[in-house]
Amino acid sequence: MSLLVVGSVAFDAVKTPYGKRDKILGGAATYFALAASFFTDVRVVAVVGDDFTAQEEQVLGDRGVDTTGIVREKGKSFFWSGEYGDNVNDAKTLDTQLGVFAHFNPRIPEKFKDTSFVFLANIDPVLQLNVRQQMNGAKFVAGDTMNYWINGSRPQLGEMMKNIHALLINDTEAKMLAEDPSLARAAQKILKMGPQALVIKHGEYGSTVFFEAGAFGIGRHPFRAPTLPLEVVTDPTGAGDSFAGGFMGYIASQGELTRDTFKRAMFYGGVMGSFTVEAFGTERLQKLTRAEIEERYKVFRELTHIE
Ligand code: AMP
């Protein structure tokens, strides 16, 4: 089944201990769409400036992603610049220039409105809610957020959370959102804010999904998935969005929400994140094959499986 993502399509400048890039294709929706495209049909809704060329759009097109929902406006595309030290889980934002993204008001094209699976990438929760309302027939809607909205738009974020099925955030965001230093307690508090499933990403240490009691009829025990212990993380940018793409892409490909689907989706999320960080930007995702994904999925199983 098809999958819609709404979020940033951007240019990034990145510096890591392994090198730097001054202007590469980035954006949460870009990473998400590329990762998800290995599992299902993906549609993107975003805004870019007139600096965004056909060549950049072709990166998504080459993976079969439907880019007709990417609106071009006069001005500059969203630009993010970040730096990583030795802690790969800790991005230091050096610059954020909103450009045309400042006036982003996502309109879902009529032909996308039948999409069953929706991902609201990290944007203003008011816009996320607005998209949610335009997609009120969707079967499963998940969303992301960040510290900026947790601190500055709490009531709006609260409203958004009441209207989604799953929230995908990292440890720091979860603790900040729940105002609780215990992750397990924070998870329970966040589930009471609305979502039936909460996926917490632990960066290089994997991810955990917590369920509201009775959610999707699959019980409330949490499930933890690994990620691969990599010796070299070239560029961590986009790992979280690639995780979300693998997770949602796999769920959309199955169509049905069972506990096993969720578990496998957590594994595929980790697999996609682990590929993204092997090279700068979207370089690794552009060269990836489904066979490599399945190969690594087996390694992930082996990492955690006992007889
Ligand atoms: P991740 O490393 O998975 O958290 O995602 C990094 C991507 O998110 C980069 O490619 C950025 O272009 C994009 N990004 C960074 N800050 C924001 C923001 N405030 N809103 C939307 N996208 C952002």
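Report the convex hull volume per residue for the chain, counting only C-alpha atoms, in Å³.
Here the figure is 124 Å³ per residue.
With θ set to phi - 60° and the Karplus curve 6.51 cos²θ - 1.76 cosθ + 1.60, what are the ³J(HN,Hα) couplings of the range 272-289 in order, to the nearest whole Hz, using x for Gly and Pro?
Those phi angles translate into 5, x, 5, 6, 3, 6, 6, 9, 6, x, 9, 3, 6, 5, 5, 9, 5, 10 Hz.
For a quick check: with amide H placed at 1.01 Å from N, whose amide H comes under 5 Å from residue 193's, ignoring anything fewer than 5 positions away on the same chain?
none
Suppose each label sits 7 Å from its Cα in the direction of the beta carbon; what would the residue 289-residue 133 distance come out to in nanometres?
It is 4.8 nm.
Which cross-chain or sequence-distant (5 or more) residues have an amide H under 5 Å from the amide H of residue 71, H modelled 1.01 Å from N in plane?
46, 47, 48
Hey, what number do you get for the chain at 222 nm if only DSSP H runs of n ≥ 4 count, each worth -39500 (n - 2.57), divided across all residues, to the nearest 500? Provide the component values of the computation, followed by the final result.
Working: 11 runs with 113 residues, N = 307.
Calculated mean residue ellipticity at 222 nm is -11000 deg cm²/dmol.
Quick one: 3J(HN,Hα) in Hz for the range 152-165, Karplus 6.51/-1.76/1.60 with θ = phi - 60°, rounded, Gly and Pro as x.
Along the range 152-165, the couplings run x, 9, 4, x, 5, 5, x, 5, 4, 5, 5, 10, 10, 8 Hz.
For the range 1-95, what log10 I(q)/I(0) values come out of the Debye formula at q = 0.17, 0.24 1/Å, with one point per alpha carbon and no solvent?
-0.76, -1.17
By DSSP, what percent of the beta bridges with both residues in the range 3-304 are antiparallel, rounded to the nearest 5?
Antiparallel bridges make up about 40 percent of those DSSP assigns within the range 3-304.
Grab the other residues whose beta carbon is less than 13 angstrom from that of residue 247, score K and R as +1, D and E as -1, and report the net.
+1
Taking a ≥ b ≥ c as the square roots of the Cα gyration tensor eigenvalues, with a/c under 1.5 meaning rounded and otherwise prolate when a/b beats b/c, else oblate, which class fits the range 171-232?
oblate
FYI, it's all coordinate maths here, none of it is from the lab. Bear in mind the structure is a predicted one, so any value in this text is a computation, not a measurement. Please note: Cβ atoms are built from the backbone with ideal geometry, for glycine as well, and neighbour counts cover all protein chains shown.
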